[in-house]
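Working notes, structure below.
The values are calculated or read from the model by the stated rules, or taken from the named source; none is laboratory data. The structure presented is a predicted model; accordingly, all values stated were derived computationally and were not measured. Virtual Cβ from ideal backbone geometry, glycine too; neighbours counted across all protein chains shown. Surface accessibility is based on the protein's heavy atoms, side chains included, excluding ligands, DNA and RNA. Shrake-Rupley method; radii C 1.70, N 1.55, O 1.52, S 1.80 Å.
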Amino acid sequence: MTEKENNLLAVFEERVHDLVKLCDDRKRHIEELEASLKEKDEIIRQTKHRIELLYTKYTNLLTARRLAENEEEFRNARKQVNKLVREVDTCIALLNE
């Protein structure tokens, strides 16, 4: 081989070596990105689960609040009916005298 061919071969080997190194770096970087993506996917999954739990609790609280409001209205209505019954009883007692 001539000197020129030896130089070309040396340059070629160096470039192949650089290319292999670059390829290895890219593979490592891709693996890191995939691991990060898996971690983020897990965080998203956990967050979605937490949101679902919080939404269920929120719905339950709204239902409980509505029941409490309705119960309060029910108590008030019952008090008013009892008051009216007492007034009617008083009127009947007055009529019987």
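Set the Förster radius R0 to 30 Å, insert the Cβ-Cβ distance between residue 3 and residue 24 as r into 1/(1 + (r/R0)^6), and round the FRET efficiency to 0.05.
With R0 = 30 Å, the Cβ-Cβ based efficiency is 0.40.
Total Lys pairs in the range 10-97 closer than 27 Å by alpha-carbon, pairs eight or more apart in sequence or interchain only?
Eligible lysine pairs with Cα atoms under 27 Å apart amount to 7.
Express the accessible area of the chain per residue in Å², computed with a 1.4 Å probe while the remaining protein chains stay in the model.
Per-residue value: 99 Å².
What is the Cα coordinate range of the chain on the first, second and third principal axes, sorted by size from largest, in whole angstrom?
140, 13, 7
Work out how much length residue 90 to residue 33 would gain on full extension: take 0.36 nm times their residue separation and subtract the Cα-Cα distance, in nm to one decimal.
Roughly 12.1 nm would be gained on extension.
For residue 81, tell me the accessible area in Å² from a 1.4 Å probe, rounded to the nearest 10.
Solvent-accessible area, nearest 10 Å²: 80 Å².
Taking the square root of 5 times each eigenvalue of the Cα gyration tensor, what semi-axes in Å does the equivalent ellipsoid of the range 1-49 have, largest first?
Those come to 47, 4, 4 Å.
Once you put a point 7 Å from the Cα of residue 60 and another 7 Å from the Cα of residue 76, both along the Cβ direction, what distance in nm separates them?
Each label point lies 7 Å from its Cα, and together they span 2.8 nm.
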